[in-house]
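A.B. asks: First, the structure itself, so that you have it in front of you.
The values are calculated or read from the model by the stated rules, or taken from the named source; none is laboratory data. Small disclaimer: the values here were computed from a predicted structure and weren't measured. Quick reminder, even Gly has a Cβ in these numbers, built from the backbone with ideal geometry, and neighbours come from all protein chains shown. Just the protein is used for accessible areas: all its heavy atoms, side chains included, with ligands, DNA and RNA removed. Shrake-Rupley method; radii C 1.70, N 1.55, O 1.52, S 1.80 Å.
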Amino acid sequence: MLYLIPTPIGNREDITQRALRLLGDVDLILAEDTRNSGSLLKHYEIETPMRAYHAHNEHAVVEQLVTELKAGSTYALITDAGTPGISDPGFLLVRACREAGVEVSCLPGPAAFVPALAASGIPCDRFHFEGFLPHKKGRQTRLQYLAELPNTFVLYESPHRITKLLGQLVEHCGSERMASVAREISKLYEEITTAPLSELHADYKSRGKVKGEIVVVVAGK
């Protein structure tokens, strides 16, 4: 049995009681970063052993993990923050488990784009989740595609690229297209700003360096 267990994207209190119980009950926790996850587990006095599972080793270890799970082991997969598989490692292992007949269960829980979208004030009845854009090859093509969508779309971006992204969105979507930038969701300095793209771009350009994971929500055409 494999459990996908979402972990807090900010405030540690966002984790569910069920998630804590399972993290204590499983045989092994597969963690994207054992140091980061170790801090969370220590806070909740969970002593289940951990093993590293991340983007750099998942292809090499997935077959062995499936063998262990088929033999009767029960594992939990967690990432640094949010739900495994959503712009994080997890898909390869889940697909391999499904193909091998290993049961997979995903607990409901944190995912950064959900609160960012819901609190943006931009229509969210229908939306397109894009996640991270390619850094170079294919980036312009994706931006051109997204700019023509009739529905809201959602992007993830790193803090040192946010100003560049907002400038590109102004170029492709127009300066007056409404958008929202959410930063440090569920943390002490949470900030969600909704305004025309040109205003958001000017704001972040004036700030210089910023910190925290960022979600950008852009209204449809």
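A.B. asks: Roughly what would the spin-label model give for residue 205 and residue 128, points 7 Å off Cα along C-beta, in nm?
C.D. replies: Taking the two extended label points, one gets 2.6 nm.
A.B. asks: Calculate how many DSSP beta bridges within segment 1-159 are antiparallel, expressed in % of all such bridges and rounded to the nearest 5.
C.D. replies: Details: 1 of 19 bridges.
Antiparallel bridges make up about 5 percent of those DSSP assigns within segment 1-159.
A.B. asks: Give me the number: length gained by fully extending residue 103 to residue 48, i.e. 0.36 nm times residue separation minus the C-alpha to C-alpha distance, one decimal in nm. Kindly include the intermediate steps, with their values, before the conclusion.
C.D. replies: On the way: separation 55, 0.36 × 55 = 19.80 nm, distance 2.06 nm.
Value of the extension gain: 17.7 nm.
A.B. asks: If you take Cα extents along the principal axes in Å from the coordinates, which of (i) 69, 47, 23; (ii) 56, 36, 31; (iii) 46, 45, 32 do you get?
C.D. replies: Matching the structure shown: (ii).
A.B. asks: So how strong a dipole does segment 35-75 carry about its Cα centre when Lys and Arg Cβ are +1 and Asp and Glu Cβ are -1, to the nearest 20 debye? Before the final figure, lay out each step's value.
C.D. replies: Values: 4 positive and 5 negative charges, 17 e Å.
It comes to approximately 80 debye.
A.B. asks: I would also like to ask the following. Place a +1 charge on the Cβ of each Lys and Arg in the chain and a -1 charge on the Cβ of each Asp and Glu, then give the dipole magnitude about the Cα centre in debye, rounded to the nearest 20.
C.D. replies: Numbers: 24 positive and 27 negative charges, 134 e Å.
It comes to approximately 640 debye.
A.B. asks: Please list, ordered by chain and number, the residues whose modelled amide H lies under 5 Å from the amide H of residue 112; skip anything fewer than 5 residues away on the same chain.
C.D. replies: 83
A.B. asks: Could you calculate the contour length gain from residue 148 to residue 161, that is, 0.36 nm times the residue separation minus the distance between their Cα atoms, to one decimal place in nm? Mind showing how you got there, number by number?
C.D. replies: Details: separation 13, 0.36 × 13 = 4.68 nm, distance 2.24 nm.
Value of the extension gain: 2.4 nm.
A.B. asks: I've got another one for you. Per-residue accessible area for residue 51 at 1.4 Å probe radius, Å² rounded to 10?
C.D. replies: Ignoring ligands and nucleic acids, residue 51 comes out at about 90 Å².
A.B. asks: If the chain between residue 36 and residue 67 were fully stretched, how many nm would it gain, using 0.36 nm times the residue separation less the Cα-Cα distance? Could the numbers behind the result be given before it?
C.D. replies: Working: separation 31, 0.36 × 31 = 11.16 nm, distance 2.67 nm.
Taking 0.36 nm per residue and subtracting the Cα distance, the gain is 8.5 nm.
A.B. asks: Report, in degrees rounded to the nearest 10, the 0 to 90 angle that the Cα long axis of helix 197-207 makes with the longest principal axis of the chain.
C.D. replies: 70 degrees
A.B. asks: Could I ask something else about it? Return the whole-Å distance between the Cα centroid of segment 149-221 and the Cα centroid of segment 102-138.
C.D. replies: 15 Å
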